[in-house]
Amino acid sequence: MFKVFLAGHRGMVGGAIMRRLQARQSAGQSLELVTRSHEELDLTSQADVRDFMQSIRPDIVVLAAAKVGGIHANNTYPADFIYENLMIQSNVIHEAFGAGVRRLLQLGSSCIYPRSVPQPMAENALLTGILEPTNEPYAIAKIAGIKLCESYNRQHGTDYRSVMPTNLYGPGDNFHSENSHVMPALIRRFHEAATENKTEVSIWGSGRPRREFLHVDDMAEASLFVLDLPKNVYDRNVQPMMSHINVGSGEDISIFQLAELVADVTGYTGKIVTDPTKPDGTMRKLMDVGRIQSMGWSARITLREGIADAYRWFLKNRETARL
């Protein structure tokens, strides 16, 4: 029996991965799933993580825990974002190694790539330019996570892998009015506008930046797909110092077009206006997903289907969701 420690099981991505691991258990796969809430285990405390890893001794670690947020949150709390994410990654990866863990998967973010980089963004674009200032601290932490995994692999022969998702959304997302990402923020805003019969909704920025989105269930499937790859297959498709794998849909959409789609799904029929006094961020972020597609995985949930699913979850859980 394999013992799997899933860090971050209460988050959107961690929750989706947990559902798939539980499905594997129900299907008869021999695995023990170990989780801890933040109240039970502070991943920023090295001593606590060391004691936990030494007592549990997992066979596999999936690191889906992170401090995340949108442009506003990243701009407002840069110290929190770089410190907490560096500590979480360093503690979990180092203490996993100390407890004898040979297989680990850590989840990062597409913000690791430079602000001005050829599109779509291939894995070899990492560290080739200046990062987007609005989320540089978070990006630096995520890059460090990749290099931690690679360095332990090179020095100690471990099998620690990294996947870099594009913008994620879906059940379990954060719909807070100030600290959410663009997709849940738009879903909430247009739902409220439709409910209150508003005639106009303003969206941040010019509406021209283009973004790629991936449903969290697709991300969960991709994560376990990469984790399950035989080591010789994984090694054949990566390089020791460029081992991370992009995960995305391979398609992007302008923020204004996204707003129109969300408005349609939520039933809002009023006017959509832009607010160019607010920052746009990077003008385009599209992942090159050729590496993972060549291994045999592709996204399956369309953007409209995914938005409708996220909206259904929001409607069902809006009393208890992070609003």
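The values are calculated or read from the model by the stated rules, or taken from the named source; none is laboratory data. Values in this document were obtained by computation on a predicted structure and should not be read as measured data. For neighbour counting, all protein chains shown are included, and Cβ atoms are generated from backbone atoms with ideal geometry for every residue, glycine included.
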Are there any helices (runs of 4 or more DSSP H) wholly within the range 29-142 with 2 or more residues that are without any contact (Cβ under 8 Å) to a residue 40 or more places away in the chain, and if so which?
-> 46-56, 78-98
Single residue of the range 282-319 satisfying the filter (charged (D, E, K, R) and more than 30 Å from Gly129 (Cα to Cα)) that is surrounded by the most Cβ atoms within 10 Å (Cβ to Cβ) = Asp309
Qualifying positions in the range 21-40 - surrounded by 10 or more Cβ atoms within 10 Å (Cβ to Cβ) and either of a type outside the set (S, T, N, Q) or in contact with a Ser or Thr (Cβ under 6 Å, 6 or more places away or on another chain) (or both) = Leu21, Ala23, Arg24, Leu31, Glu32, Leu33, Val34, Arg36, His38
Taking the condition of a type in the set (D, E, K, R) and within 14 Å of the chain's Cα centre (by Cα), does Lys147 pass?
-> no
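Let's see how each residue does on (1) among the acidic types (Asp, Glu); (2) at pLDDT 95 or above:
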{"residue": "Leu127", "(1), (2)": "no, yes"}
{"residue": "Glu132", "(1), (2)": "yes, no"}
{"residue": "Ala141", "(1), (2)": "no, yes"}
{"residue": "Lys147", "(1), (2)": "no, yes"}
{"residue": "Asn153", "(1), (2)": "no, yes"}
{"residue": "His156", "(1), (2)": "no, yes"}
{"residue": "Asp159", "(1), (2)": "yes, yes"}
{"residue": "Pro165", "(1), (2)": "no, yes"}
{"residue": "His176", "(1), (2)": "no, no"}
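Which one is farthest from Leu168 (Cα to Cα) among residues in the range 239-254 that are among the hydrophobic types (A, V, I, L, M, F, W, C) and surrounded by fewer than 21 Cβ atoms within 10 Å (Cβ to Cβ)?
Taking the range 239-254 and keeping what is among the hydrophobic types (A, V, I, L, M, F, W, C), we get 241-242, 245, 247, 253.
Okay, now just the ones that are also surrounded by fewer than 21 Cβ atoms within 10 Å (Cβ to Cβ), so 241-242, 253.
Working: Met241: 26, Met242: 23, Ile253: 14 Å.
The qualifying residue farthest from Leu168 (Cα to Cα) is Met241.
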Could you list, in sequence order, the residues of the range 149-167 that are surrounded by 22 or more Cβ atoms within 10 Å (Cβ to Cβ) and assigned to a helix (DSSP H, G or I)?
-> Cys149
Verdict on Glu39 being farther than 30 Å from Glu136 by Cβ and touching a helix residue (DSSP H, G or I) at 6+ places or on another chain (Cβ under 9 Å) = no
Here are some residues: Val101, Val68. Which one is in contact with a strand residue (DSSP E or B) (Cβ under 6 Å, 6 or more places away or on another chain) and among the β-branched types (Val, Ile, Thr)?
-> Val101
Which of the following residues is in contact with a helix residue (DSSP H, G or I) (Cβ under 8 Å, 6 or more places away or on another chain), over 25 Å from Phe225 (Cβ atoms), charged (D, E, K, R) and surrounded by 21 or more Cβ atoms within 10 Å (Cβ to Cβ): Glu136, Glu95, Glu132?
-> Glu95
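If you check Ile301, Ile272, which single one turns out to be β-branched (Val, Ile, Thr) and touching a His at 6+ places or on another chain (Cβ under 9 Å)?
After ruling out the rest, the residue left standing is Ile301.
Restricting the search to the range 168-208, which residues are under 28 Å from Gly290 (Cβ atoms) and surrounded by fewer than 20 Cβ atoms within 10 Å (Cβ to Cβ)? It would help to see each step written out before you state the result.
Step one: of the range 168-208, the residues under 28 Å from Gly290 (Cβ atoms) are 168-170, 173, 181-183, 208.
Of everything in the range 168-208, just one residue is under 28 Å from Gly290 (Cβ atoms) and surrounded by fewer than 20 Cβ atoms within 10 Å (Cβ to Cβ), namely Arg208.
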Considering only the range 249-296, state which residues are under 30 Å from Asp235 (Cα atoms) and over 21 Å from the mean Cα position of the chain (by Cα).
-> Ser294
Restricting attention to the range 193-234, which residues are within 28 Å of Ser151 (Cα to Cα) and within 23 Å of the chain's Cα centre (by Cα)?
-> Met219, Ala220, Glu221, Ala222, Ser223, Leu224, Phe225, Val226, Leu227, Asp228, Leu229, Tyr234
